[in-house]
Amino acid sequence: MTESVALAVERAHCSEWGLVLAAVARLLDGDLATAEECTQEAFEAALRTWGDRGVPARPGAWLTTTAKNRAIDRIRREAAMRARFPDLVREEIEPAPEEDDVIVDDRLRLVFTCCHPALAPEARIALTLRLICGLTTGEIARAFLVPEPTMAARITRSKKKIAAAGIPYRVPAESDLAERLDGVLTVIHLVFTAGYASAGERLVRDELVDRALDLARVLVVLMPEEPEVLGLLALLELTDARRAARVDAQGRLVVLEDQDRGAWDRAAVSRGEALLARAFGLVVRGDAGPGRFLLQAAIAGAHDEAPSWEATDWPGIVLLYDRLRAVWPSPVVDVNRAVAVAFATGPADGLALLDALTGREDLRTWHYLPAARADLLRRLGRRAEAAEAYTAALVLVSDGAERAFLRRRLAEVGGTA
Amino acid sequence: MSTKYMFLIYTDEADMAGVTPEQWDQMLQAHNAWAASVVEAGATIHGGDALAPSATATTVRTGGAAPVVTDGPFAETKEALGGFYLVECADLDQALALAHTLPANTVEVRPVVDTS
């Protein structure tokens, strides 16, 4: 097998896995476990035969047909026993491509089934990465720092629940769509943030970020008229635009304020801004206001547009947080809003808001609240209190890069860890 | 293809203890209205009833040498099993939608294993 064949299979695995699996799953009436096996077999077949016969012109179509034929073989084997399905005929390799709307429907069904609310949130993420993105169980386990057998059991259990509980393989009805779509977007966003926050290997983290971007891009193609779908992709683009500036040459975390804005990916910023404009255009024409992903994207965009931390439109960002809080009340939003207020009208104002949030049960274990307090106390010159707050944040933080950053700050205000 | 789902209704027994006959009638009417909406949705109710309070429960544990019979429900919690329906639905989405409209706070939806 030549290197180019291996590369072609790998590339197809990245871009086509979910498409192939979705098409086979439809043929199999939503039997995802069998669809997964057939898809796996098709990729194995590609590794064997592309070397001899060359890489097909349309690898995705070849893989889909091969996987579907595996599925048909299985159905036939069963049908032979039950003397049913006499009309099923194997397709020729490289048939005419499917209608676009059929493919769109297949992929959406798979996405909505993997993100069904009857599945536990961690199961939705695992299924999405395995069935739609084609990550191996080992890769997913490493990304979420759980032992591989644990992840394998989680995925198997979820597939069993889909079958046994009768989770339908379809796009939800219009009446449920908004709520169910929010669940799908949340899963994609969690994959993205896991890529940013995970303490796992760097390579695995980048993989998660890239897969989240892929998924969000696919969803934009599938549902181009949904502002929240555009909002999610905009949020990911506008956040990821800063990826290169987030860590310095020594691998240390660089906060937004200190980032080299020249290192930001301007092309990603432009893509994000264009999506924002499209999404807000749709919102203006619709009856619902902007949702939480679109508002978060607008906040990220306001940072990306600013020439410097000082020249950021802080009052505008506070207003966006106000709207975000109205559609998505969350203590996390309150904390971030307080920080924006600190830069819009002064650190003392922000600190007062943060102090009011301190002691809330749902924020007790989140390191960001004491870290944000510490930062404002530092800016106010209250070094002893800042040191105390940095120490409190260090107790709660788990990420290595963030820990190192908080330690540096603690040393700056004269404290010791 | 359809699946039978058991709707297990959990209620706060402290709330139920003080129910007046008028409130009880209202609850029955609400359940009758719900049952009508199930039929309208194309699903089938195969059975259902309210249960007497968990204070009347007796639990039988087998598996040991002799079955052990104890007073009280299997699990002692604030919310106790208070009633059930057996509903045949097209899929889980329909079952959840119907469970959502039940006049009850907590409903556990479980597919029934087809042993036929």
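The values are calculated or read from the model by the stated rules, or taken from the named source; none is laboratory data. Remember, predicted model here, so these are calculated numbers, not experimental data. Backbone-built Cβ (ideal geometry, glycine too); neighbour counts: all protein chains shown.
For the reader, a short list of remarks on this structure follows.
- Residue check, A:T391 among the β-branched types (V, I, T), in contact with a Gly (Cβ under 8 Å, 6 or more places away or on another chain) and over 28 Å from A:L235 (Cα atoms): yes
- Meeting the requirement of 1 or more residues that are within 24 Å of B:K4 (Cα to Cα), the strands (runs of 3 or more DSSP E) wholly within the range B:25-116 are B:44-50, B:79-89, B:106-111.
- Inspection of the range A:296-317 identifies at least one residue that is part of a loop (DSSP other than H, G, I, E, B), buried (at least 16 other Cβ atoms within 10 Å of the Cβ) and hydrophobic (A, V, I, L, M, F, W, C).
- Residue that is in contact with a Cys (Cβ under 6 Å, 6 or more places away or on another chain), outside the structural domain of A:A22 (by TED's automatic domain parsing) and of a type outside the set (G, A, S), where the choices are A:V184, A:V171: A:V184
- B:D93 meets the conditions (1) within 27 Å of A:G166 (Cα to Cα); (2) away from chain A (no Cβ under 14 Å) in every case but one. The failed one is (2).
Residues checked against (1) surrounded by fewer than 18 Cβ atoms within 10 Å (Cβ to Cβ); (2) under 28 Å from A:V146 (Cα atoms); (3) out of contact with any Lys or Arg (no Cβ under 7 Å at 6 or more places or on another chain); (4) hydrophobic (A, V, I, L, M, F, W, C):
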{"residue": "A:V187", "(1), (2), (3), (4)": "no, yes, no, yes"}
{"residue": "A:G195", "(1), (2), (3), (4)": "no, yes, no, no"}
{"residue": "A:L232", "(1), (2), (3), (4)": "no, yes, yes, yes"}
{"residue": "A:A241", "(1), (2), (3), (4)": "no, no, yes, yes"}
{"residue": "A:A249", "(1), (2), (3), (4)": "yes, no, yes, yes"}
{"residue": "A:V255", "(1), (2), (3), (4)": "yes, no, yes, yes"}
{"residue": "A:D260", "(1), (2), (3), (4)": "yes, no, yes, no"}
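- A:A46 being out of contact with any strand residue (DSSP E or B) (no Cβ under 9 Å at 6 or more places or on another chain), surrounded by fewer than 16 Cβ atoms within 10 Å (Cβ to Cβ) and either part of a helix (DSSP H, G or I) or modelled with pLDDT of 90 or more (or both): no
- For the range A:118-140, the set of residues classified as farther than 20 Å from A:E37 by Cα and either modelled with pLDDT under 90 or more than 14 Å from every other protein chain (Cβ to nearest Cβ) (or both) consists of A:A120, A:P121, A:E122, listed by residue number.
- Failed condition for B:M27, given (1) among the hydrophobic types (A, V, I, L, M, F, W, C); (2) without any contact (Cβ under 8 Å) to a residue 12 or more places away in the chain; (3) surrounded by 12 or more Cβ atoms within 10 Å (Cβ to Cβ): (2)
- Residue within the range B:77-84 that is in contact with a Phe, Trp or Tyr (Cβ under 7 Å, 6 or more places away or on another chain) and among the charged types (D, E, K, R) present: yes
- Comparison of B:V107, B:V87, B:V60 shows that the only residue that is more than 14 Å from chain A (Cβ to nearest Cβ), farther than 17 Å from A:I162 by Cα and not polar (S, T, N, Q) is B:V60.
- Hey, B:Y5 within 13 Å of another protein chain (Cβ to nearest Cβ), hydroxyl-bearing (S, T, Y) and either surrounded by 15 or more Cβ atoms within 10 Å (Cβ to Cβ) or part of a loop (DSSP other than H, G, I, E, B) (or both) or not: yes
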